[in-house]
Amino acid sequence: MDITELQPITNFIKTLPPFDILNDQLIHQCCQSLSIVYYSKNALLVHVDSNEAQLYIVRSGAFEVTTQKGDLIDRVSDGQYFGFSGMLSGEKVVNKVHILEDGLIYQLPLKSFNQLRAASQPFDRFFNQAFAKRLRHQGELKRKQITTRRISSLISEKLISLDSNSTIQQAAILMSEKRVSSLIIIDNQQLTGILTDRDLRNRILAKGLNGDTLIKRVMTKNPITAQKEALIFEAMLLMSEKNIHHLPIVENGLPISMLTSTDIMRSQSSQPLLLIGQIDRQNNLESLVTVSKQLPSLLQNLINSDAKAQEIGRILTLVTDALTKRLIFIAQLQLGNAPMKFCWLSFGSQARQDQAAGADQDNALLLEFETDDSSKRYFKQLAELVCDGLNSCGFPHCPGNIMAKNPKWNISLQQWQKNFSYWITTPQPQALLNATIFFDMRPIYGDNKLFEQLQSNILKQTKNNDIFLAALTHNAVQQIAPLGFFKNFVIERDGSEVKGIDLKHKGVALINDIARIYALANGLTAVNSKQRLTALIGTTGINKQDMLNLIDALEFIAHKRLINQGVQYEQGLVLSNYLIPSNLSPLARHHLKDAFKVIDDSQSGIKLTFLRQF
Amino acid sequence: MLAKLFIKSVIHYQSYRCQDKQLRSYQQALLPLLDLTIRKAPLLALDLEMTGLNAKSDQIISIGLIPIINGQIKISQGKHQLIKIEGSVGQSATIHGLVDADLQQAVSLEEALQWLLTEATGSVLVAHHAPLDLSFIEQALHKQHQQKHRLFAIDTLQIEHQRLLRKQPMIKEGELRLTNCRNRYNLPHYDAHNALVDALSCAELLLAQVSQMGGLDAIKVSELIR
């Protein structure tokens, strides 16, 4: 057969890099040897025969390559490839290929693939590079940062040094004054050695030398150094190779600072922990405000390191929790001990542990008893100090005034119970709409028993309470998720096309609503939506797959929202939940559409269950 | 079940009374294939280009064939045969992109039929709107052997017709056209049209349809052949 008669195939192949650099003869030879296979989502996985390696060229559809364990390696659609790693390495392929979207695949057998590699060096290089890139991608994403950051971003400007004719006692005094574990020894501006804690122990105390021994007798002479502009990664390698923990950093031949293995450890993934640690050490509002300035860049780092939305939400919430607790502690330094037991409550996203950047504060105080004048004044002052403090730290006051500093929400357990009973037993949809936020509630500080009493009281009343659940459901289905995308527009379910989508109110919030309704209907204590949905699996009347789908949809939309905000932050725009479709890849559109479908199905589900509506 | 029995008995009967050796072996080779799954049975997608739509008065211009073996369309085994016609291709030349000059490499209808039967022996034919293509071949066989033969094939249009009717009450004009059927399965759009590209398009459509109907291992030839 003359392959030129199959123009649709040759035309497609010869536009694909690296095939586009092959001459016509090679293209024809390659197209001749193709087989075509169709994969449907019904089959879930592409059957990859490890004994018959081939290059899979995606003609249409979407596929996902994961490790055996399920870690994502690559996602491919039209004009992309998979299956080449096994062909290049000669090892058996153990990766799994999931079918995301039905489609057609052209399969190029190993023999032809190798002929093309032999015939064209650029072709060969293309796949080797793609292979290497993928291998890197397979490594832990956290490492990504460390490999590209430079030493200069880690070291302090301060150089702590002595000359080698000083005594070791002087050295020890300086080290304890500056709280460092090592000194740089400089003579005539030149680095001549280093002295570490370990040297003081091993070479001095253990040997019975006394304090007026000169440093030059015990220091490590001509230590290994690193350049200021070297990669942190290189410093790590050097330290582990030479089994050292201290690395003097030089610039233009002169020592400028000391890099320790602790510095490197700290620079890795422990940033949020470090921030929380810092928060816990501050004793006044001003220093807390300074520390919390790191929050936006922490968020940005988390997004860049490809952390899950669920994890990012948790980390941000942990930081907010720590700030709140520290503010209460600082306020109590000023106000003294509380006149009765109390519990600081958070609502909404902080309670659900899915805070996003720029979230406002929603909190309240739960008090053991009714207050008298003096205790009322105490808790008013406490609430004002904490709420205003949070505001200064970047968590703006709640526009709806759901804050502990509002006397309405600074009340006793009994009054809280009365409020909830009112919302639950006489549910007016409008009144309930404003009260929904209270049903996602978590204790932050103080007496947890108070909170548990309140929560069990609420759940007792909401469980299987048809009228209340119907009202809640009525409110939850007022907003609906869009249908999908068309060109650069979002298509609403009524067919209208709009320019963008609010990923909070038409995405995550809808799933939070659904999770809340089911949780209250079943008397679940969990507050985080994922935990609620997970806890619901196995409950009678709940479809496991529906819950798993909702969890995935929540994660996907929340992640898209965070990435969107990450982009806004990088471009210096005001953070919003608004997503413009032109920034989305075809695959992301496809996934979002699926997620919207899951929301729509679940809304129909709660309508049927709680409103008896079809 | 009944349809399967009917097809089997027709094939039995035809091969019994058939005079032509080649045609008989084609019929006999088809019988054992009926019980195989779509993956196991060798399939051969077929498309004809004609001067018109009437088997009695119009002529075959070219035949495109491409096999599906073990669920894989084998490009290297695709074949395209041009056929000599009486007179000129006339008006339809613009449609098929063939001009009289191309037909220089063409063979006679008799030779083409012989070639087709050889190629098709041991395979199940697949075509989009199969009755039309088969009627042209049946007509040519009739002329050659003075004996009527009924041929069988898997018809992707018929499959699509049934699948669509399960989703919607009626079928609008054009919905069963090959291009439109392919769109529903996320199959790419092919610009060029000749018998070989259309045979390929039809082969891909069949794989897509069967994959969505439950898979190549779940469906047997006898469930689809007409």
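The values are calculated or read from the model by the stated rules, or taken from the named source; none is laboratory data. Since we're looking at a predicted model, the values are computed, not measured. As a convention, Cβ positions derive from the backbone with ideal geometry for all residues, glycine included, and neighbour counts pool all protein chains shown.
Residues of segment B:201-226 that are assigned to a helix (DSSP H, G or I), among the aliphatic types (A, V, I, L, M) and within 12 Å of chain A (Cβ to nearest Cβ): B:A203, B:L205, B:L206, B:L207, B:A208, B:V210, B:M213. Considering the conditions (1) modelled with pLDDT of 80 or more; (2) touching a strand residue (DSSP E or B) at 6+ places or on another chain (Cβ under 8 Å); (3) charged (D, E, K, R), A:K111 is excluded by exactly one of them, (2).
Taking the listed residues B:I171, B:I159, the one that is part of a helix (DSSP H, G or I), out of contact with any Lys or Arg (no Cβ under 6 Å at 6 or more places or on another chain) and hydrophobic (A, V, I, L, M, F, W, C) is B:I159, with no other qualifying. If you go through segment A:2-25, how many residues are touching an Asp or Glu at 6+ places or on another chain (Cβ under 7 Å) and within 12 Å of chain B (Cβ to nearest Cβ)? Qualifying residue count, segment A:2-25: 1.
Mind listing just one residue for me: the one in segment B:104-120 that is among the polar types (S, T, N, Q) and within 15 Å of B:K79 (Cα to Cα) and, of those, surrounded by the fewest Cβ atoms within 10 Å (Cβ to Cβ)? Step by step, filter segment B:104-120, then rank; the result is B:Q105. Across segment A:26-61, the number of residues qualifying as assigned to a strand (DSSP E or B), within 11 Å of chain B (Cβ to nearest Cβ) and farther than 17 Å from B:L207 by Cα comes to 1. Considering (1) more than 9 Å from chain B (Cβ to nearest Cβ); (2) polar (S, T, N, Q); (3) without any contact (Cβ under 8 Å) to a residue 24 or more places away in the chain; (4) out of contact with any His (no Cβ under 8 Å at 6 or more places or on another chain), the lone condition that A:Q68 does not fulfil carries the number (3).
Within segment A:18-56, the residues that satisfy the criterion of being within 16 Å of A:Y81 (Cβ to Cβ), touching a residue at least 60 places away in the same chain (Cβ under 8 Å) and of a type in the set (S, T, Y) are A:S33, A:S35, A:Y39. Count of segment B:185-200 residues, restricted to those that are touching a residue at least 12 places away in the same chain (Cβ under 8 Å) and more than 7 Å from chain A (Cβ to nearest Cβ), is 4. Can you name every residue in segment B:1-43 that is over 26 Å from B:A199 (Cβ atoms), among the polar types (S, T, N, Q) and not in a helix (DSSP H, G or I)? Listed by number, the list holds a single entry, B:Q19. Assessment of segment B:128-139 against the conditions (more than 13 Å from every other protein chain (Cβ to nearest Cβ), farther than 25 Å from B:K79 by Cα and crowded, with 21+ Cβ neighbours inside 10 Å) yields no matching residue.
Checked against (1) buried (at least 21 other Cβ atoms within 10 Å of the Cβ); (2) over 28 Å from A:Q294 (Cα atoms), A:A558 passes all but condition (2).
Taken over segment B:1-21, the criterion of being in contact (Cβ under 8 Å) with a residue 24 or more places away in the chain, surrounded by 13 or more Cβ atoms within 10 Å (Cβ to Cβ) and closer than 19 Å to B:H142 by Cα is satisfied by B:V10, B:I11, B:Q14, B:C18, B:D20. Checked against the criterion of being within 14 Å of chain A (Cβ to nearest Cβ), at pLDDT 90 or above and either part of a loop (DSSP other than H, G, I, E, B) or within 16 Å of B:L134 (Cα to Cα) (or both), the candidates B:S62, B:S76 yield just one match: B:S62. Which members of segment B:83-115 meet the condition of being at pLDDT 90 or above and within 14 Å of chain A (Cβ to nearest Cβ)? Selection gives B:W115 alone. Evaluate segment A:240-257: report whether one residue or more is within 32 Å of the chain's Cα centre (by Cα) and at pLDDT below 80. Looking for residues that are within 32 Å of the chain's Cα centre (by Cα) and at pLDDT below 80, one finds at least one in segment A:240-257, hence yes. Residues of segment A:169-179 that are loosely packed, with under 12 Cβ neighbours inside 10 Å and either β-branched (V, I, T) or in a helix (DSSP H, G or I) (or both): A:S176, A:E177, A:K178. Among the residues of segment A:322-352, those identified as part of a helix (DSSP H, G or I), buried (at least 21 other Cβ atoms within 10 Å of the Cβ) and not aliphatic (A, V, I, L, M) are A:T324, A:R326, A:G348, A:S349, A:Q350, A:R352.
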